[in-house]
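Remarks on the structure that follows.
The values are calculated or read from the model by the stated rules, or taken from the named source; none is laboratory data. Predicted model, so just to flag it, every value in this text is computed and none were measured. Neighbour counts run over all protein chains shown; Cβ positions are idealised from the backbone, glycine included. Just the protein is used for accessible areas: all its heavy atoms, side chains included, with ligands, DNA and RNA removed. Shrake-Rupley method; radii C 1.70, N 1.55, O 1.52, S 1.80 Å.
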Amino acid sequence: MTAPIRKAVFPVAGLGTRFLPATKAMPKEMLTVVDRPVIQYVVDEARAAGIEHCILVTGRNKGVIADHFDIQVELEATLRERGKTEELEELARELPEAGQMSFTRQQSPLGLGHAVWCARELVGNEPFAVLLPDMIVQGETGCLAQLIDTYAKTGGNVIAVEECDPAQTDRYGIVGKGEAVDGDVAFRITGMVEKPKPAAAPSNLYISGRYILQPEIFGLLGRHEKGAGDEIQLTDAMIALSKTQPFYGRRFEGRTFDCGAKIGFLAANVAFALARPDLSADLVAEIRSLLGEPSA
């Protein structure tokens with residue numbers, strides 16, 4: 001039997017330089033998609049998948065993220081005085097239970113692999129999930145829930161993968177595709193290559209911001225061996241771990257939005273707003289007006 005996935009790591013220490021000046025004083029994870037911070041969508045995905053303990057690896061000037069997942073006494077008192085029952089109920093639904101959120105510091109920006117390693121003492125000796133907060137997924141079933149479903153059948157390490165344009169493999173971490181497992185939705189990974197040229201790429205399937213990893217990854221990350229960009233890369237440690245443990249790729253249902261890029265962030269706002277019955281009709285009318293099209 002596979003050990004359950006109870007804990008998830010969220011690397012939220014990035015500087016958000018692609019969104020300056022908006023992120024000069026505000027963490028990029030707190031930028032809103034419609035009316036919710038990006039980090040809220042990712043934490044909600046984890047909680048919906050059964051995660052019991054969320055571990056956020058933060059950096060300096062990120063205290064507002066912790067505040068977001070805490071009780072706001074003055075705000076709630078004001079809402080109560082004004083009879084804002086619906087808003088109070090929504091805040092209560094989204095508030096994690098005491099002890100379900102932990103925060104640790106990545107003191108230097110040494111890469112994704114280093115950020116994950118910083119969570120080692122909080123994770124302990126058990127398998128865990130990693131969710132990149134820049135990536136939010138829209139779909140009926142959360143991406144992590146789909147990975148956990150595959151993991152329950154395969155064990156090992158499971159990574160979310162998506163297809164990219166074969167001509168753009170040099171933008172991503174690409175995996176090699178082996179035998180199918182868990183029906184047609186997953187497969188054994190035969191190799192991982194960081195940003196290969198199209199002619200050398202083993203496939204057009206790229207690693208897409210969700211992972212289930214075994215705790216032995218921490219020992220490999222703890223070597224602090226630097227790779228691309230002179231940073232400690234998670235992919236390098238996964239390649240090393242794959243020599244002794246199986247890795248599986250899961251093609252998941254849903255659409256990914258890269259909220260670390262301006263176009264992805266704007267597209268996410270439109271897509272999630274269009275999915276809201278209280279907003280969709282008015283938004284379509286506004287878009288038609290901006291494009292100079294007649295209203296329907």
Subtracting the Cα-Cα distance from 0.36 nm times the residue separation, let me have the gained length for GLN72 to ASP184 in nm, one decimal. 35.7 nm
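Tell me, what % of the accessible area of the chain is carbon and sulfur with a 1.4 angstrom probe?
Values: 7790 of 15360 Å².
Carbon with sulfur: 51 percent of the solvent-accessible area.
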Between the range 68-123 and the range 240-296, the Cα center-to-center distance that results, in Å: 24 Å
What residue among ASP278, ASP44, ASP67 has the largest mean-square fluctuation in a Gaussian network model of the chain, using Cα springs under 10 Å? ASP278
Nearest-0.05 FRET efficiency for HIS224 and LEU266 at R0 = 35 Å, using Cβ-Cβ distance, is 0.40
Neighbour-limited loop hits for trypsin sites (Lys or Arg not before Pro), the range 7-112 (at most 13 other Cβ within 10 Å; DSSP other than H, G, I, E, B): LYS24, ARG60, ARG82
With every protein chain kept in place and ligands, DNA and RNA left out, what is the accessible area per residue of the chain? Probe 1.4 Å, answer in Å². 52 Å²
Could you give the size of the charge dipole of the range 165-294 about its Cα centre, using +1 on the Cβ of each K and R and -1 on the Cβ of each D and E, expressed in debye and rounded to the nearest 20? 260 debye
Greater than 18 Å separation of Cα atoms is the criterion. Which listed pairs, LYS7/LYS243; LYS28/LYS262; LYS24/LYS62; LYS195/LYS226; LYS7/LYS195, meet it? LYS7/LYS243; LYS7/LYS195
Computed [θ] at 222 nm, helices only, for the chain once each DSSP H run of length n ≥ 4 contributes -39500 (n - 2.57): -9000 deg cm²/dmol
Taking a ≥ b ≥ c as the square roots of the Cα gyration tensor eigenvalues, with a/c under 1.5 meaning rounded and otherwise prolate when a/b beats b/c, else oblate, which class fits the range 213-258? oblate
